Amino acid sequence: MGKSNGSERHTAFRSLPRVSIAGLRAPEGRERARAAGDLLAAARDAGFLYVVDHRVPAALCDRLVELAAQYFAQPETKKREHYIGLSRGHRGYVPEGEEVFYGGSRDRKEAFDLSFDLPENDPDVVSGTPMLGPNVWPDLPGFREGVSAYYRDVFELGRTLLRGFSLGLGLGEGFFDGLVTKPPSQLRLIHYPEGSSEEGGGIAAHTDYEMFTILLATSPGLEVRNGAGDWIDAPPLPGAFVVNIGDMLEILTNGELTATSHRVRRVTEERYSFPLFFSCDYHTVVAPLPAFVDSGRPPAYESLVAGEHLFAQTVQTFSYLKERLARGQVTLPENARPLGSFANTLPVPQSSR
């Protein structure tokens, strides 16, 4: 998702930095500031990092992998009972071929998508705000409980990281808290079947357009582009999450932090991937913050509404939504950007700076 040319401002790193965030929970302000400084330094250098000492239990991660394997092992007809096109808030099963990416490419993967769980009587749900609503759950013993527990813990990790970034940027720990009250922060359970590379596996180079992403994966495949333009392998590290900066945080900081281009190479072994895309609230206007703008550093990005951009990209990717768009059942937000053009249209032209 997003742009694919933001890595030039990073260093020529050969491996991802490893950062302990234990200090972000310390009672002493000095220790929290030190940990936040380490987090920010890694984010500036690479835009990608391994996070350790995060307090998400290993048993919770193992259980998520187990539940995902059980879910995807079901017959196709059973999984399609919760087809994503049947939900009102873009949640549920995503079969192979449902997503069509920039350039018309499809890959052999399937997924189960969920997000921040909101009740039917939430005002934004009642008003029909896209991407918001209750989750849907398959009738699989322990699935809802196990996946929900993982989401809660990793979402709280996201809050901790957001406060760390805020502190490291000199904004104060709670500066961003008001932007994440009920965000469309999506967790995807993704399954790459064995041999999927033979028919187009992998994901092309891109950046993520949320604030940041917290990733758990079961095997190698992720590659990250460093500041020298080289693709660096980023295999899973036991006990760690991979965290990467997204476009929304880049815009808010006016490029102080930049998103890193990454891709998933084709692999032959079966692979599971669990990204949580940590977003800000749907109606958040995302624009460079005053703290990162002055006479010598004007705004380098146009503003956008976070949820509208997410919805526009989703409509243009998922087959069921493209069909509804053609029938006039959904409409794109005003000034929606085409797929693959986020980076090319977002920055203010050089002549305007």
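Data table
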| read-out | value |
| --- | --- |
| Within the range 307-319, considering residues that are open to solvent by less than 20 Å² (accessible area, probe 1.4 Å) and touching an Asp or Glu at 6+ places or on another chain (Cβ under 7 Å), the one farthest from Val285 (Cα to Cα) | Phe318 |
| Total residues in the range 42-51, condition touching a residue at least 40 places away in the same chain (Cβ under 8 Å), farther than 12 Å from Ile214 by Cα and open to solvent by 10 Å² or more (accessible area, probe 1.4 Å) | 1 |
| Unique match (being within 22 Å of the chain's Cα centre (by Cα), of a type in the set (Lys, Arg) and over 29 Å from Ala43 (Cα atoms)) among Arg152, Arg144, Arg80 | Arg144 |
| Selection from the range 21-41 of residues that are surrounded by fewer than 19 Cβ atoms within 10 Å (Cβ to Cβ) and either under 21 Å from the mean Cα position of the chain (by Cα) or modelled with pLDDT under 95 (or both) | Ala41 |
| Single unsatisfied condition, Ser115 versus (1) over 25 Å from Pro238 (Cα atoms); (2) surrounded by fewer than 17 Cβ atoms within 10 Å (Cβ to Cβ) | (2) |
| Unmet requirement for Val125, which otherwise passes all of (1) free of Cβ contacts under 8 Å to residues at least 40 places away in the same chain; (2) crowded, with 17+ Cβ neighbours inside 10 Å; (3) closer than 30 Å to Gly255 by Cβ | (3) |
| Spans of helices (runs of 4 or more DSSP H) in the range 39-154 with at least 2 residues of a type in the set (D, E, K, R) | 58-72, 76-79 |
| Residues located in the range 250-274, provided they are surrounded by fewer than 20 Cβ atoms within 10 Å (Cβ to Cβ) and in a strand (DSSP E or B) | Arg263, Tyr272 |
| Of residues in the range 284-300 being open to solvent by 20 Å² or more (accessible area, probe 1.4 Å) and not in a loop (DSSP other than H, G, I, E, B), the one nearest to Glu99 (Cα to Cα) | Val285 |
| Count - residues of the range 311-333 that are closer than 17 Å to Phe277 by Cα and not in a loop (DSSP other than H, G, I, E, B) | 4 |
| Wholly enclosed strands (runs of 3 or more DSSP E) of the range 198-244 bearing at least 3 residues modelled with pLDDT under 90 | 203-206 |
| Condition met for Tyr151 (within 14 Å of Arg188 (Cα to Cα) and either touching a Phe, Trp or Tyr at 6+ places or on another chain (Cβ under 7 Å) or β-branched (Val, Ile, Thr) (or both)) | no |
| Checking Ser279 against (1) among the hydroxyl-bearing types (Ser, Thr, Tyr); (2) at pLDDT below 95; (3) closer than 25 Å to Leu40 by Cα, the condition it does not meet | (2) |
| Yes/no for Gly178 being open to solvent by 10 Å² or more (accessible area, probe 1.4 Å), small (Gly, Ala, Ser) and not in a helix (DSSP H, G or I) | no |
| Scope the range 132-175; condition of a type in the set (A, V, I, L, M), farther than 30 Å from Gln74 by Cα and open to solvent by less than 20 Å² (accessible area, probe 1.4 Å); matching residues | Leu157, Leu161, Leu162 |
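The values are calculated or read from the model by the stated rules, or taken from the named source; none is laboratory data. Everything quoted here is computed from the prediction, not taken from an experiment. Positions of Cβ are generated from backbone atoms using ideal geometry, with glycine treated the same way; all protein chains shown enter the neighbour counts. For the accessible areas, the whole protein counts, side chains as well, though only heavy atoms, and no ligand, DNA or RNA atoms are used. Shrake-Rupley method; radii C 1.70, N 1.55, O 1.52, S 1.80 Å.
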